[in-house]
Amino acid sequence: MAAENSEPSNAPKYLQKVELTQENKDLIATLPCDAFCEPSYTIHQYDGFWYATKNLQGILNSKKHFKAHDSDILLVTLPKSGTTWLKALACAILNRKIHYPTNSDLDENQSHPHPLVTANPHDIVPFLEIDLYIHKNIPDLSSFPSPRLLASHMPYISLPESVKLSKCKIVYLCRNPKDMFTSLWHFIEKFAPQVEEPRSFEESFESFCEGRNPYGPFWDHILGYYKQSLERPNKVMFLTYEDLKSEPARVLKDLAEFMGHGFTEEEENGNVINDIMKLCSFENLSSMKVNKTGKLLSGVDNNVFFRRGDVGDGENFLTSDMIEKLNVIIQEKLGKHGVNFHIHNS
Ligand code: A3P
């Protein structure tokens, strides 16, 4: 794989420009392009989805170079759907025998503290198309213990073939698009000082509704995995942020089972499920020192991944017209197929 980072720079990795390989440059030149959130943030349409230039290079490289193992577990989300939460939960499930979620391992001064105490979930579970195949934050995947826990924002159609053909498992988490867009908008705003001509909330909302945002259209992304989860339930697990919020114990139990690390009867009768939920709760993770003041290997502040962690926050920011417009799209594109973002009262 050719080196992608351009000239040496002191800027954090996420701000550095990426030099495209000639092959990717040639391909990208043939694709439709547009701009998202600012005129210079170019997005390209590939396989029916829109990607920032850098991410598209990461996707093309992942497709070419990544070899899935049967034991891999891939966590897939659209940005701002609860990726950080899912990564933390999966990490706590896999690590619970070595690091019980409430014992003294949570003291960062221990010789072997829980991984979630010393690193943000994004540095524990790398994104294929960002950390591994653009920035190379995690250089040596072969050193990863099995099962390898990996992540991606890629739509199903763009996944490397070996992911689709191997027995590796995919956990897909999505979120009500109204909350996802609102979360995305706040996330972009954090980076706004580095942007010269940011687009307005309204303009970005219109692009989102047309599916022209990174990894969009959201409906095709969600439906791609939803259909796979119906056809191959042992391969793809489909979850919503709203299910996790309203039925955490049931979802966590199903998730551990799906990952091949189901809870024993003794564990179910004990507190481990609750303890994992508490360890990974918004309140707990966001108040940890590493997440308050630390930075990712890419240079992004860990605290940008924690804002409110609520269901329904979109309603506080979108106008009633915007809510109506998005409700129609959600119903037309997803509801009709059986996808909903209901909160269950259990
Ligand atoms: P809000 O902006 O609505 O608060 P992602 O992890 O995919 O980037 O998504 C970020 C969203 O998930 C943010 O939503 C963030 O606050 C929320 N979040 C982060 N950690 C969480 C957790 N442990 N539990 C619930 N929500 C969480």
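The values are calculated or read from the model by the stated rules, or taken from the named source; none is laboratory data. Quick caveat, the model's predicted, so the values are computed rather than measured. Every residue, glycine as well, gets a Cβ built from its backbone with ideal geometry; the counts of neighbours run over all protein chains shown. What goes into the accessible areas is simple: the full protein's heavy atoms, side chains included, and nothing from ligands, DNA or RNA. Shrake-Rupley method; radii C 1.70, N 1.55, O 1.52, S 1.80 Å.
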Rg in Å to one decimal, and Dmax rounded to a whole Å, for the chain via C-alpha atoms: 19.6, 58
Descending semi-axes in Å of region 73-148, equivalent ellipsoid built from Cα gyration tensor: 22, 15, 12
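Please quote Rg/Rh for region 31-74 to two decimal places, taking the Kirkwood radius as Rh and restricting both calculations to Cα atoms.
On the Cα set of region 31-74, Rg over Rh gives 1.13.
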Principal axis box of region 214-346, alpha-carbon based, largest edge first, Å: 46, 39, 32
Contact order normalised by residue count of region 263-326, Cα under 8 Å, 6+ apart, percent: 17 percent
Value of [θ]222 nm, deg cm²/dmol, for the chain, DSSP H segments ≥ 4, -39500 (n - 2.57) each, nearest 500: -11000 deg cm²/dmol
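Share of region 59-152's accessible area from carbon and sulfur, percent, 1.4 Å?
Using a 1.4 Å probe with all protein chains present, region 59-152 comes out at 53 percent carbon and sulfur.
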Set of aspartates and glutamates near LYS289 by C-alpha distance (under 13 Å), chain-local residues within fewer than 8 positions excluded: ASP107, GLU108, ASP301
Beta bridges per DSSP with both ends in the chain, % antiparallel, nearest 5: 40 percent
Cα shape, region 144-210, gyration tensor, a/c 1.5 rule: prolate
Stokes-Einstein D in µm²/s, Kirkwood radius over Cα pairs - region 17-154 at 4 °C with 1.567 mPa s viscosity: 77 µm²/s
Per-q log10 I(q)/I(0), region 47-117, q = 0.17, 0.20 Å⁻¹ (Debye; single scatterer per alpha-carbon; no solvent): -0.84, -0.96
Approximate shape of region 107-220 as ellipsoid semi-axes (Cα gyration tensor, √5λ), whole Å, largest first: 30, 21, 14
Net charge over other residues, Cβ less than 11 angstrom from the Cβ of PHE191 (K, R count +1; D, E count -1): -2
Subset of LYS97/LYS245; LYS67/LYS278; LYS67/LYS295; LYS17/LYS67; LYS167/LYS292 violating a 31 Å alpha-carbon distance limit: LYS67/LYS278; LYS167/LYS292
Set of aspartates and glutamates with alpha-carbon distance to LYS63 below 17 Å, sequence-local pairs under 8 removed: GLU4, GLU23, ASP26, ASP47, ASP72, GLU129, ASP131, GLU161
